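Reading through the structure tokens given below for one structure.
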Amino acid sequence: MANGVSDVGADAPAGGFVQLLTPDGERIDSVTTADGTTYSVDFTDEEYRSLYHDLVTVRRLDAEATALQRQGELGIWASLLGQEAAQVGSGRALRPQDMAFPTYREHGVLYTRGIDPIMPFGLFRGVDQGGWDANEHRFNGYTIVIGSQTLHATGYAMGVTMDGKTGTPDGEAVIAYFGDGATSQGEVNEAFVWAGVFNAPMVFFCQNNQYAISEPLERQTRIPLYRRAAGFGFPGVRIDGNDVLASYAVTRAALDNARNGQGPTLIEAYTYRMGAHTSSDDPTRYRIASEVESWKAKDPISRLRAFLTKQQLAGDDFFTAVDESAKKLALDLRERVLAMPDPQPVSMFDHAYPHGSPELDAQRAEFVEYHASFEGSDH
Amino acid sequence: MSRIKEFNLPDLGEGLTEGEILAWLVKVGDTVELNQPIVEVETAKAAVEIPAKWGGVISKIYVEAGTTVEVGAPIVAIDTEPSAGPLPEGLPTPSAESLAAVEIAPVEGAVEPGLIGGPAPGGRTAVLVGYGPKNTTAKRRPRVGTPGGSAPTTAVAPVATPPATPVPAPPVAPAPPPAPAPSAVPVNARVLAKPPVRKLARDLGVDLTVIVGSGPLGSVTRDDVHQAAAGAVEAPAAAPAVTAAPAAAVFDASREQRIPIKGVRKLTAENMVASAFTAPHVTEFLTIDVTRTMKALEKLKSRREFRDVRISPLLMVAKAVLLAVRRHPMVNSTWSGGTNEIVVKEYVNLGIAAATERGLIVPNIKDAGRLSLLELAEALNTLVQVAKSGKTPPSDMTGGTLSITNVGVFGVDTGTPILPPGESAILAFGAVRPMPWVHKDKIKVRQVTTLALSFDHRIVDGELGSKFLRDIGDFLTDPEGALLSWT
């Protein structure tokens, strides 16, 4: 327990990162980075426990989804295993009015937004197009195209400024998630340019999980990713992505800067994808086992559990209860996924235009009539 | 659904059509929990464990480890209510055979098995990728008010036997070859007819499969349908009697061995076909006197650094290739049609074809051009030993840029090697034999070998290929001289 004056954690990569909870579960009171910013968290006991609850729950739901894919019930699944802390910490730092732009892996952020975890499963099961009301959930659609959501987010954030919703502590901020691989995309760099020049209320949250599918980080960049921000004219911070407290503290501060009109921040959450890129990938073809082992020792959940235990904030009863509740939620999710109805063919007309069009309406009517000509048709 | 639930091999990775059962982690009678890993399956993309879809007792395993299974085929059955006692009599237990039987809608739904939209093993519908709609029969929904709309579908003999059972084939004489197709369209063959004609036939209750089409390519026209509806159509001519006599000597199946095509054999076949029909191959030959190379090899063996390393003529050939590549970098390149580019590599990942128990593999030595001769010798030895032990990691087998095949070890003079996909040159190194040779204007017994170089003519022209081969030959004819003049 020390007042960190440096941003160098014991297990940090060269250049250091913001860490408030070590892999052994030791709490670092606060960390001051080179630019003089001090990061800390002030959680109640109950808040620490609920963070643990969220981490365990999103991991358990993710494991269930992986199993469902292997059982032929999902076409594909992108696992978040290993990245729970980056997602839960940053997701919980969002305020209700903030807007999130995820990739296809942000199941943990989705959960922290209070969204029913089944929402994206229609996409992975192939029974819908993955569309949902982004405004209602303050959570944009899962974006498969690498990096394009950063431009959508920046454009949205520029609109937030034009709507006069920034510049106060109650302002709106926007967060865009992406991975290390996406930083090589033109879109992400354009988004940096636009967000920087227009002082957009943006947080660029990069989960650096070390691999762009099979391409290692050293094939993406010659400098640490967070230092790229300097070239675009806004601050960049690297955090221990497996530390839920650092993820929360730094994201919360960056979002508040954004909503207050202080412009964008790039956060590089230094983490590791413990599983495959997606269920179609075999990571043993490009990663060595010892590397994966070394990251197991930095697991985001076990360090928080160690902290809770050492501080006597929770005991075995609590941990068992969390596991049980997560399992129950996972089995409930399984049942509901299996019960997802196949899409009605006519539903393809539903979201083409917000208010329909005469031509489309006519096509739809014809289509309904055609289907009604079959026995047992619902139409 | 019954308490016995069958699990079909799913598409584990976006568009796969099959997987190989690597190992069962459970056996019949084992109790398993939901999501407990039960089987390891390897697909073209990854080896993965499949977790049990239901808790219960394993009641049947349909396919043994080592079998390649089509996506959609049942692989295991689980009794989900083992505590309910023995299975009551009459409770149907599904079998692989019953599941393999495919029902075909009798009328215009007659799509040939295997075609998209047609029946597939496991009662699924064949689609372009994956294992298709989850319905277990390919029955078409009948139209409202169509006579025969609720008529039973015709069960047809299994069109695809489950993958586990076809070996060995029953010892029956092979069927005689079918007679040339008569003009009458056999039942269940694909009927050519435009959609409006199909609709007309349906509206009039006419079976398209019994009509002899008069349109282009034998397609059924509106007139044909009207005629048929009016009863004017003649019964299709009976298929002519089969006249082809069976061959005099019958070689029955007991004298044939059927080896499943899988693993390395399958991969080799795919690679070779892909390469042979993509890259236009040219092969050139050069017969040379390698006496000096053999002497140089002896000298090397007596040097202290090489005391612990086994060295062979292959080492000298590899060195010759690597030096010659420096002089002709274009041979070390890839034709990238997708990007309209020729990718010339500054590094040489030198592939060495190796015969192993599992079949032909071509592991490569990464960045071999940067290795010293000693390092190259060690890398060659390691590569061969690992290959022989069957433990070559996948990473060693990808990324090759140029290869050597040492057919000499089998005692043959040369061959016309096929390029590994993505490579532009491969050298075959034949046996080194004492032969009469004109040496310093006299006929002497010299150590002679033949080199054969196949190259991709899209990238490498005859001139370049010849120069490259000539340089390799020059080095092997006179290593010291070549080294002095090239470096």
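The values are calculated or read from the model by the stated rules, or taken from the named source; none is laboratory data. Remember, predicted model here, so these are calculated numbers, not experimental data. Virtual Cβ from ideal backbone geometry, glycine too; neighbours counted across all protein chains shown.
Under the condition of being surrounded by fewer than 16 Cβ atoms within 10 Å (Cβ to Cβ) and touching a residue at least 40 places away in the same chain (Cβ under 8 Å), which residue from the stretch B:23-53 is nearest to the other protein chains (Cβ to nearest Cβ)?
Only one residue tops the list, namely B:23.
If I filter the stretch A:67-80 for residues that are buried (at least 16 other Cβ atoms within 10 Å of the Cβ), away from every other protein chain (no Cβ under 14 Å) and at pLDDT 95 or above, do I get at least one hit?
yes
Criterion first (part of a helix (DSSP H, G or I) and out of contact with any Lys or Arg (no Cβ under 9 Å at 6 or more places or on another chain)) does residue A:149 satisfy it? Full working, then the answer.
Working: part of a helix (DSSP H, G or I): yes; out of contact with any Lys or Arg (no Cβ under 9 Å at 6 or more places or on another chain): yes.
It is true that residue A:149 is part of a helix (DSSP H, G or I) and out of contact with any Lys or Arg (no Cβ under 9 Å at 6 or more places or on another chain).
In the stretch B:351-384, what count of residues is obtained for those that are of a type in the set (Ser, Thr, Tyr) and in a helix (DSSP H, G or I)?
So the answer is 1.
List the residue pairs whose Cβ atoms are under 8 Å apart, where the first residue sits in the stretch B:63-81 and is touching a residue at least 12 places away in the same chain (Cβ under 8 Å), the second is assigned to a strand (DSSP E or B) and among the hydroxyl-bearing types (Ser, Thr, Tyr), and the two are 6 or more positions apart or on different chains.
B:77/B:59; B:78/B:59; B:79/B:59
Tell me, yes or no, whether the stretch A:115-130 has at least one residue that is assigned to a helix (DSSP H, G or I) and of a type in the set (Phe, Trp, Tyr).
So far as the stretch A:115-130 goes, yes, one or more of its residues are assigned to a helix (DSSP H, G or I) and of a type in the set (Phe, Trp, Tyr).
Looking at A:85, A:157, A:93, can you tell me which residue is buried (at least 21 other Cβ atoms within 10 Å of the Cβ) and within 22 Å of residue A:198 (Cα to Cα)?
Being buried (at least 21 other Cβ atoms within 10 Å of the Cβ) and within 22 Å of residue A:198 (Cα to Cα) holds for just one of A:85, A:157, A:93, which is A:157.
For the structure I just gave you, tell me whether residue A:268 is surrounded by fewer than 17 Cβ atoms within 10 Å (Cβ to Cβ) and away from chain B (no Cβ under 14 Å). Write out each step before concluding.
Numbers: surrounded by fewer than 17 Cβ atoms within 10 Å (Cβ to Cβ): no; away from chain B (no Cβ under 14 Å): yes.
No.
Scan the stretch A:107-125 and report the pairs whose first residue is free of Cβ contacts under 8 Å to residues at least 60 places away in the same chain and whose second residue is crowded, with 20+ Cβ neighbours inside 10 Å and among the basic types (Lys, Arg), with Cβ atoms within less than 7 Å and a gap of 6+ or a chain change.
As it stands, the answer is A:112/A:92, since those pairs meet every condition given.
Across the stretch B:393-408, what is the number of residues that are surrounded by fewer than 20 Cβ atoms within 10 Å (Cβ to Cβ) and in contact with a helix residue (DSSP H, G or I) (Cβ under 9 Å, 6 or more places away or on another chain)?
Going through the stretch B:393-408 one residue at a time, the tally reaches 4.
Which count do you get for residues in the stretch A:27-81 that are of a type outside the set (A, V, I, L, M, F, W, C), touching a residue at least 12 places away in the same chain (Cβ under 8 Å) and not in a helix (DSSP H, G or I)?
The initial filter retains those residues of the stretch A:27-81 that are of a type outside the set (A, V, I, L, M, F, W, C), namely A:27, A:29-30, A:32-33, A:35-40, A:42, A:44-50, A:52-54, A:57, A:59-60, A:62, A:64, A:66, A:69-73, A:75, A:79.
Those left that are additionally touching a residue at least 12 places away in the same chain (Cβ under 8 Å): A:27, A:29-30, A:32-33, A:35, A:37, A:39-40, A:45, A:48-49, A:52-54, A:57, A:59-60, A:62, A:64, A:66, A:69-70, A:73, A:75, A:79.
Applying the additional criterion that residues be not in a helix (DSSP H, G or I) yields A:27, A:29-30, A:32-33, A:35, A:37, A:39-40, A:73, A:75, A:79.
Final tally of qualifying residues: 12.
Take the residues in the stretch B:272-307 that are aromatic (Phe, Trp, Tyr) and touching a residue at least 24 places away in the same chain (Cβ under 8 Å), then tell me which one is surrounded by the fewest Cβ atoms within 10 Å (Cβ to Cβ). Outline the logic, then answer.
First pass over the stretch B:272-307, keeping only residues aromatic (Phe, Trp, Tyr): B:277, B:285, B:306.
Then drop every residue that is not touching a residue at least 24 places away in the same chain (Cβ under 8 Å), which leaves B:285, B:306.
Details: B:285: 15, B:306: 18.
Result: B:285.
Please go through the stretch B:1-22 and give me each residue that is of a type in the set (A, V, I, L, M, F, W, C), facing chain A (nearest Cβ under 9 Å) and either surrounded by fewer than 20 Cβ atoms within 10 Å (Cβ to Cβ) or within 18 Å of the chain's Cα centre (by Cα) (or both), ordered by number. Quick ask: steps written out before the conclusion?
Keep residues of the stretch B:1-22 that are of a type in the set (A, V, I, L, M, F, W, C), which gives B:1, B:4, B:7, B:9, B:12, B:16, B:21-22.
If we keep only those that are facing chain A (nearest Cβ under 9 Å) too, we end up with B:7, B:9, B:12, B:16.
Result: B:7, B:16.
Restricting to the stretch A:358-379, give me the number of residues that are loosely packed, with under 12 Cβ neighbours inside 10 Å and more than 14 Å from chain B (Cβ to nearest Cβ).
Matching residues across the stretch A:358-379 total 4.
Of the conditions (1) at pLDDT 80 or above; (2) part of a helix (DSSP H, G or I), residue B:259 satisfies every one except a single condition; which number is it?
Single failed check for residue B:259: (2).
Taking the options A:282, A:342, A:350, A:316, name whichever one is surrounded by fewer than 16 Cβ atoms within 10 Å (Cβ to Cβ) and within 14 Å of chain B (Cβ to nearest Cβ). Walk me through it before giving the result.
Numbers: A:282 fails: surrounded by fewer than 16 Cβ atoms within 10 Å (Cβ to Cβ); A:350 fails: within 14 Å of chain B (Cβ to nearest Cβ); A:316 fails: within 14 Å of chain B (Cβ to nearest Cβ).
Criteria check complete, one pass: A:342.
When residues of the stretch B:54-79 are filtered for being more than 17 Å from the chain's Cα centre (by Cα) and either facing chain A (nearest Cβ under 10 Å) or in a strand (DSSP E or B) (or both), how many remain?
14
Strands (runs of 3 or more DSSP E) wholly in the stretch B:393-475 with at least 2 residues that are in contact with a Pro (Cβ under 9 Å, 6 or more places away or on another chain) and closer than 27 Å to residue B:264 by Cβ - which ones?
Details: elements: B:402-405, B:425-429, B:433-439, B:442-456.
Ranges flagged: B:402-405, B:425-429, B:442-456.
If residue A:187 satisfies every condition in (1) in a loop (DSSP other than H, G, I, E, B); (2) in contact with a Gly (Cβ under 9 Å, 6 or more places away or on another chain); (3) charged (D, E, K, R) but one, which is the exception?
(1)
Among the residues of the stretch B:315-355, which ones are of a type in the set (Val, Ile, Thr) and touching a residue at least 60 places away in the same chain (Cβ under 8 Å)?
Across the stretch B:315-355, the qualifying residues are B:317, B:321, B:325, B:331, B:334, B:342.
Tell me which residues, restricted to the stretch A:111-140, are out of contact with any helix residue (DSSP H, G or I) (no Cβ under 6 Å at 6 or more places or on another chain) and within 19 Å of residue A:349 (Cα to Cα).
Hits for the stretch A:111-140 are A:122, A:123, A:126, A:127, A:129, A:131, A:132, A:133.
Conditions: (1) more than 16 Å from residue B:319 (Cβ to Cβ); (2) free of Cβ contacts under 8 Å to residues at least 12 places away in the same chain. Residue B:372 meets all but one. Number of the miss?
Just one mismatch for residue B:372, condition (1).
Residues checked against (1) of a type outside the set (A, V, I, L, M); (2) without any contact (Cβ under 8 Å) to a residue 40 or more places away in the chain:
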| residue | (1), (2) |
| --- | --- |
| B:421 | yes, no |
| B:431 | no, yes |
| B:445 | no, yes |
| B:451 | no, no |
